[in-house]
Each structure stands twice: as C-alpha cells, then as structure tokens.
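Below you'll find the structure, written out as structure tokens, and then a few comments.
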Amino acid sequence: SRAIKTNQDLLPETPWIHIFYNDFWGTLLTHSGSHKSYRPLCTLSFRINHAVGGMDPWGYHLVNVLLHAAVTGLFTNFSRILFGDGYWTLIAGLLFASHPIHTEAVAGIVGRADIGACLFFLLSLMCYVKHCSTRGSSPSTWGWILGAGLCAGCSMLWKEQGVTVLAISAVYDVFVFHRLKMHQIISALYKRTNLTLFFSIGLLTSWGTALLGVRLYWMGNKPPSFSNSDNPAADSDSFLTRTLTFFYLPTKNLWLLLCPDTLSFDWSMDAVPLLKAVSDWRNLHTVAFYAGLLLLAYFSLKGSSNERECNGRTVMNGKQNANGHSCHSEMEYKTLEVKSSFASKEENGIKKHEIKKLQLPSTENIVILSLSLLIVPFVPATNLFFYVGFVIAERVLYVPSMGFCLLVTVGVRALYVKAQKRFLKNLVFCSTAALIIFYGLKTVVRNGDWQNEEMLYRSGIKVNPAKAWGNLGNVLKSQSKISEAESAYRNALYYRSNMADMLYNLGLLLQENSRFSEALHYYKLAIGSRPTLASAYLNTGIILMNQGKTEEARRTFVKCSEIPDENLKDPHAHKSSVTSCLYNLGKLFHEQGQYEDALMVYKEAIQKMPRQFAPQSLYNMMGEAYMRMSRLPEAEHWYVESLRSKSDHIPAHLTYGKLLALTGRKSEAEKYFMKAIQLDPTKGNCYMHYGMFHLD
C-alpha cells in the first residue's frame, strides 16, 4: 500500500525529481522516521507502470516476471563462464529459475527492488568479466570496467545490497580469472605482471567507497530506526541474546535456501524466537553452520604452493599449460587422462577437443566465488554494521541464492565425477533433477498463496500468527465479514496483546458497528501502547463529541494536534490524522458559536495538511465560519476553493447556493441546488435546502 497505492511519487502531478529525494515509501529521506530505503530506480519503474496502466496489478506483475526471466538468462550465461556449454550450466540455471525462495520477490510487487538490483548486479559482473578477458590486449577494456561501475551504481539505486557486486568482481578477478590461492596473493603483490590486476581492484574499491559515501550523505548521515516488533533482537538489552540470535539468523536463512518447506510473507515479531541462553539447542545449528562454512572456505583457499601436474604437463601457480587450457583440480579432471573423451563429456557435456578452447576454473575456484556470492550480498542484512527492519526477509535472499545455486551445481558435479559406477552417476543426476522438480512444484504451490491477500495471510499463520491474523482481519473486514474480522483481530491480540495497530483496528471495527464504549476502550489501549498514534486520538475525540462530552473531546483533539511526526514510520498518514483532528476541533468550536476560534484552528489545519489530504470539507467549513461572521467575500472564496478541490462535493454546492441566494444571484444559486440533487437524488437534505430557497 505505502510503496504504490498511497505513494505520492507515483502520481503524474508529482515532479519526478522527488523520487530522488524520497525513500521507497515516499517519505523524505532525511526525515527522522524514514526507513532510509533509497531505491529511486525501482520507484521510477512503479511510476512508469502507474502511467501506463494505473492501478491495474496485471502490468506490475508482468514487469516482475519479465525481470525474473531476464535475471535467469543472465545468471545462466554467467554460469557458462564457470561450467562451460553443457549440462551443469543448464542445472545451475534451472535451480535459479525454479527456486521457491524467489516467490516473494517475483509475486510480491515490492520485491521488484531485489530483482532489479540483481539484474544490474549481473550486468556489472558480466562487464567486469569482459574487462578481465580484454585487459592488456584491447583499449575497450576500460570501457568494460566503466560499464561495470555504472551498472553497480544502478544496482545500488534499485536496492542497497547491489553495491556488493564490486566485491564479487574482485573475488572473480583474483580467485577465478587469475586462479590465485590465498598464500599466493602476498607474493603476487611484488610481480609487475599483476599491476593491472591490482589497479582494477583499486578502481573497484575506490568506486565502492565513493558510492557508499554518497549514499550515506544523501540519507542524512543517520541510520534508520525501527520498532521492537520489526527486529526484536536489536531491541534486546542482553548482549548475549543479541549475539546468539544474530549468529543464528544466517543459519535459518541458509536452511530456507536448502529446504524452503515453510515460507512466510513476514518473519518479524516472534516468528523466530530469541536465543537467550547458550543452552538453547539451536546454537548447535549455528556451530555446525559456521564450522561447515569455514571448512569449505579453508579447503578451497588452501592449495599447495608446489608444482603439480595437469594432463601430463607441469604447471606452476595455476598458469596455463601448452594446450591452451588451465590446470584443474585432480578430483575434477583426473578422468581426462583416459583414452576416450567420454569422461570429459560427462563432466561438462562437451567433446574433448572443445575443452582445449576453454579456460574453465577449477572446482575450488568456483566454490570460493559461490561462497562469496552467497555471503557478501547477504552481509547488509546480518545486523553486523547497522540494524535492519526485519528478522528474516525471503526477498533479500534473491541475490545470495545465485551463490547457493552455483554451490549446489559444483557440488553435484564433483559427486558425479567422483562416482565410478554408472549407477551412482545416474543416481546423482536423477537426484538433481528431482530437486529441481520439487523446487518447481513448491514454487507453483507458493504462487497459489500469493493469489490474493486472504490466502497469503492464512498461509503465514503458522509462522507469524500475530501479524497474519491481524492482516487477515483487515481483509475480512473489507469483505464485510464483521464477526470473522473481529475474531481475527482478537486472535492477533491473543498472541501479541500490545500491538497498537491491531488494538486500533479492532476499535475502528467496533465503532463502525455502533459499539462505542468498547471502541473507546480499545482506542485507549492503542494510545497506551503507542502514544503517537494520532488516528486513535482522532476517533476517540469523534466518539466523545457525538456523546456530548465536548470538553473531553476538545482536550483529545488538542493533544492529537500537538503530536510531532518525528521518528514515525508514516509521517504522511500521521499528518492526515492531525489535520482531521484540527478539522473536528474547528467543527466543535463552530457548533458552540466560537467562529473566531474555529477559523484559527481551520487555518492551522491548512498549514499542517499533507499533500494527499482531501481538503474540500475543510475549505467548506472555512466558508461556513466566514458566512456566520457575515464576511461574505471570504466565504465565497473558500466555497469556490472547496468545489475546485472536489467538483462533486455536495455540501459545498448547498452552502455556496445559499450564499448566492443571499447576495441576490438567484438563477446562479438555483443551478447549484439542482446540481446537488443531480449528484445524489436520494439525499433528502438537498431537497430541503432547495425547498427553503423557493420559500425565501
């Protein structure tokens, strides 16, 4: 809703340049309540969608699916650089295309930020690959690195994690293109032949630092602030709880990539219970995860400094042999020594003479790159450098899933090569095919959950019951299923009793069904849970005013009008509620005959009124106040303003008609009374005013 439906940056009357000053939700980036999610290119794509098809969701979904298809094609093309033309490239592409973790990013419109970032992430990486292959032999090489830098910047403008592609490019250059091992990096610093390598790495580092510096400056040099429910671990007072939980969360994310059986639209609040003690059994998962990760990284980075033999020729430090292709690990290419090309064909799906034309990286090199692609883009979501506004977000795994798919593919290839018997080779191949099929089936099933809001929220009850029941209540209420909606709200409050939004929504439901005393009770609870919830003050004041408790209502409206919008998630909605409070306070003064006070309050409301607020009723009441004070020119001005802001506003037609009749413009007045009747022929009030006009 906030990213598209109520985002003023999508409207044609809003200058497009505002997109570059506001966050993803349309709030000024430097505002204290801003999420600091600076994604102008994604917002711009939404604006184009809005210009072409308005609020029809079909066009938005089409763009998301096309972007995912483009990303899948680019990823498969990148995999070819690592695996060559053959089955393994196809497997990597199919794993990425079918993975269920992508459903939120593709089926959920706001997930476009992750898909767009990934698209330019891959474009940047492919440009850098071209730079590496042409470095030292073609002047166009610097054009490729310029393209890599520009695409990295665009990726960051789609979503923040896009800037990490620069680090992945450096890893590719060092460990894949130059095939250096960890112990070789220091010695490589002293070799003149590697000057171009370190110059390229220096350019990547400088550009990355510049992008991050500008990004930090543009958002006001302040990190965002989030509520306790968004990220409970970040709000915990215990250092041990924060540490254990933050170390465990990457483990949970990896499990979602491995076995995406349980998925949810929202993992905030208590969806992942905090780890409060060392004795928590989930710490075993954490230890196993980091131990496995470190071992995998260690054996991939290790490597002997001695000379080793490849295809019967001696090579040193991974340099190319005389046949024109690089040395590969013993496990991977030991079968190349056999007479036929069968083993070579098994491994990469190509003939023996073709492999000589390629310079495919070794298994160890691919593992290093895969781990980097899995870990580095995920680092911004780890709470390591700053706290984030979520516990787990499936869409955030869209880019890291590329590393996961490469890791699975290279692991399967290693098993396939290692297997000696045809039965075992077939077993590995069939198991991989089954995994792809199961992933695809799960994606289809998960897409069913994203068909509509009700199905989506029902699917999340098991993971996050408080949030899911609360959102489901809103959907049921919109379907006029009042009793079911009330039950859903109460279920949400059963799991988390201090949710101000749910307390307010339940109060609103009760108010709309004339259960005013119960509604007041829940509004007060909502205010107690969140003292800055202006809409709760507004509705409390309206109920009190209708009950004749004018002094209590006045105090409530005044208190609401004094609440600042600092550190609020949605300052636009807050300002709308404050404006409505001032409008109702003015009406209260108006009904008591205090027209000067009413005018002062109305003028304050106009000053505080946000751009999206519908002002026709406020302008009409301004005209009414001036009318009662016999200041007819001012009254006419505000009646005209009311009709200008909403040409079918019936009260303004009636009040303006009365003013025209009073000033002797009877034929003109009659037109406004007749227009009011035409706008709503069932409204008795219009006939009454028209009858009084004739009586006069």
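Observations
- The criterion of at least 3 residues that are small (Gly, Ala, Ser) is met by the following helices (runs of 4 or more DSSP H) wholly inside segment 379-489: 400-418, 422-449, 465-478.
- Test: residue in segment 217-236 that is out of contact with any strand residue (DSSP E or B) (no Cβ under 9 Å at 6 or more places or on another chain), assigned to a helix (DSSP H, G or I) and either modelled with pLDDT under 90 or of a type in the set (A, V, I, L, M) (or both): yes
- In segment 600-619, the residues that are over 19 Å from Asp565 (Cβ atoms) and in contact with an Asp or Glu (Cβ under 9 Å, 6 or more places away or on another chain): Gln616, Tyr619
- Filtering segment 239-263 to residues that are open to solvent by less than 40 Å² (accessible area, probe 1.4 Å) and assigned to a loop (DSSP other than H, G, I, E, B) leaves Pro260, Leu263.
- Qualifying residue in segment 423-435 (condition: at pLDDT below 95, open to solvent by 40 Å² or more (accessible area, probe 1.4 Å) and under 30 Å from Glu160 (Cα atoms)): no
- Test: residue in segment 121-128 that is at negative phi and touching an Asp or Glu at 6+ places or on another chain (Cβ under 8 Å): yes
- Residue match in segment 621-638 (condition: buried (at least 21 other Cβ atoms within 10 Å of the Cβ), in contact (Cβ under 8 Å) with a residue 24 or more places away in the chain, closer than 30 Å to Thr550 by Cβ and within 39 Å of the chain's Cα centre (by Cα)): no
- Test: residue in segment 521-534 that is more than 19 Å from Ser577 (Cα to Cα) and not assigned by the TED database to the domain that holds Glu562: yes
- Residue match in segment 173-193 (condition: open to solvent by 40 Å² or more (accessible area, probe 1.4 Å), closer than 23 Å to Leu82 by Cβ, in contact (Cβ under 8 Å) with a residue 12 or more places away in the chain and not in a helix (DSSP H, G or I)): yes
- Residue within segment 1-9 that is among the acidic types (Asp, Glu), farther than 27 Å from Pro224 by Cβ and either open to solvent by 60 Å² or more (accessible area, probe 1.4 Å) or in contact with a Lys or Arg (Cβ under 8 Å, 6 or more places away or on another chain) (or both) present: no
- Criterion: under 20 Å from Phe121 (Cα atoms) and open to solvent by 30 Å² or more (accessible area, probe 1.4 Å) - qualifying residue of Ala51, Ala69: Ala69
- Considering segment 614-645, and only residues there that are among the aliphatic types (A, V, I, L, M) and outside any helix (DSSP H, G or I), the residue that is farthest from Leu582 (Cα to Cα) turns out to be Met629.
- Residue in segment 264-279 that is aromatic (Phe, Trp, Tyr) and either open to solvent by 60 Å² or more (accessible area, probe 1.4 Å) or in contact with a Ser or Thr (Cβ under 7 Å, 6 or more places away or on another chain) (or both) present: no
- Taken over segment 592-602, residues that are open to solvent by 60 Å² or more (accessible area, probe 1.4 Å), of a type outside the set (A, V, I, L, M, F, W, C) and within 16 Å of Gly623 (Cβ to Cβ) amount to 1.
- Segment 68-81 residues that are under 14 Å from Val410 (Cβ atoms), paired with ones that are open to solvent by 30 Å² or more (accessible area, probe 1.4 Å) (beta carbon under 8 Å, 6 or more apart): Phe78/Met126
- A Cβ distance below 7 Å, combined with a sequence gap of six or more or placement on separate chains, defines the contacts here; from segment 246-259, residues that are within 12 Å of Glu394 (Cα to Cα) reach residues that are open to solvent by less than 20 Å² (accessible area, probe 1.4 Å) and of a type in the set (Gly, Ala, Ser) in the pairs Leu257/Ser401.
- When residues in segment 280-302 are screened for being open to solvent by 50 Å² or more (accessible area, probe 1.4 Å) and either over 29 Å from the mean Cα position of the chain (by Cα) or among the hydroxyl-bearing types (Ser, Thr, Tyr) (or both), 11 of them pass.
- Pick from segment 270-294, criterion of a type in the set (S, T, N, Q) and in a helix (DSSP H, G or I), ranking: nearest to Leu240 (Cα to Cα): Asn283
The values are calculated or read from the model by the stated rules, or taken from the named source; none is laboratory data. Just so we're clear, the structure is a prediction, and the values are computed from it rather than from any experiment. Backbone-built Cβ (ideal geometry, glycine too); neighbour counts: all protein chains shown. We work out accessible area using only protein heavy atoms, side chains counted, and drop any ligands, DNA or RNA first. Shrake-Rupley method; radii C 1.70, N 1.55, O 1.52, S 1.80 Å.
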